[in-house]
1. Quick check on segment 89-137: what are the equivalent-ellipsoid semi-axes from the Cα gyration tensor, as sqrt(5λ), descending, whole Å?
2. Let me make sure I get this right: for segment 2-168, a, b and c are the square roots of the gyration tensor eigenvalues over alpha carbons, sorted descending. Under 1.5 in a/c it's rounded, otherwise prolate if a/b > b/c, else oblate. Which is it?
3. Lys and Arg at +1, Asp and Glu at -1: add these up for the other residues within a Cβ distance under 13 Å of VAL122 and post the number.
4. Check segment 2-168 and count each lysine pair with an alpha-carbon distance under 12 angstrom, considering only pairs eight or more places apart or from different chains.
5. Between Rg and the Kirkwood Rh of segment 65-157, both from Cα atoms, what is the Rg to Rh ratio?
6. Please give the peptides 3-12, 84-93 ranked by average Cβ packing (other Cβ atoms within 10 Å per residue), highest first, as a rough proxy for protection.
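Only the coordinates and a few stated rules stand behind these numbers; no lab work does. All values derive from a computational prediction rather than experimental measurement. Ideal geometry is used to build each Cβ from the backbone, glycine not excepted, and the neighbour counts take in all protein chains shown.
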Amino acid sequence: MRTYKTVVLGAGGVGKSALTVRFVRDVFVENYDPTIEEEYRRTVTVDGQLSSLEVLDTAGAEQFTSLNEVYIKSGLGFVLVFSLTQEVTLKEVDNLRKQIYRIKGGDTSIPIVIVGTKLDLVNEREVPRSTIQSLSNSWDLPFYETSAKRNWHVGDVFEDLLRQMRARYPSEPPSPRKKNKSCTLM
């Protein structure tokens with residue numbers, strides 16, 4: 001079974017942990033507790049194929065954004081999260097998207113899914129669907145509107161990303177060769 005390292009990035013308070021925990025444990029985390037870094041693992045079957053997703057839920061707090069480069073270097077796929085109730089959080093998604101492309105050497109075939117959270121908070125919505133559609137077209141990336149609280153479209157996000165990672169990385173990455181530490185006397 002192949003393991004795919006997934007990194008969840010976005011501004012603080014947008015719902016990265018709620019989205020991740022809903023996907024991995026199928027529970028909704030009601031209270032907001034700022035994350036520094038949490039790692040989860042879940043085995044999923046998508047298109048009849050079993051895979052393991054290693055999901056790294058990252059800090060959105062500004063004092064930890066220097067870690068993003070480390071996360072981006074290690075990730076195979078990325079979930080970029082913004083809140084539908086805070087239009088300003090879309091700017092951070094754009095910055096992260098550009099940072100991923102820069103760190104990954106300009107490769108635009110990197111598996112990425114853009115996620116708007118808090119779809120259930122209809123009366124607090126600030127990001128119009130037209131804005132999302134426009135960005136989706138210009139960035140050529142899939143967008144999902146989700147609600148971790150109601151479990152709307154959460155699985156779709158990770159299934160889409162897994163399909164992208166399978167297509168982009170069809171075979172197991174080469175494992176580092178172990179060096180022979182024995183000594184030969186002649």
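1. Taking √(5λ) for each eigenvalue gives 25, 11, 9 Å, largest first.
2. Rounded.
3. So the surrounding residues net to +1.
4. Taking the Cα cut-off of 12 Å, the pair count is 4.
5. A ratio of 0.97.
6. Taking the mean over residues of other Cβ atoms within 10 Å, the ranking is 3-12, 84-93.
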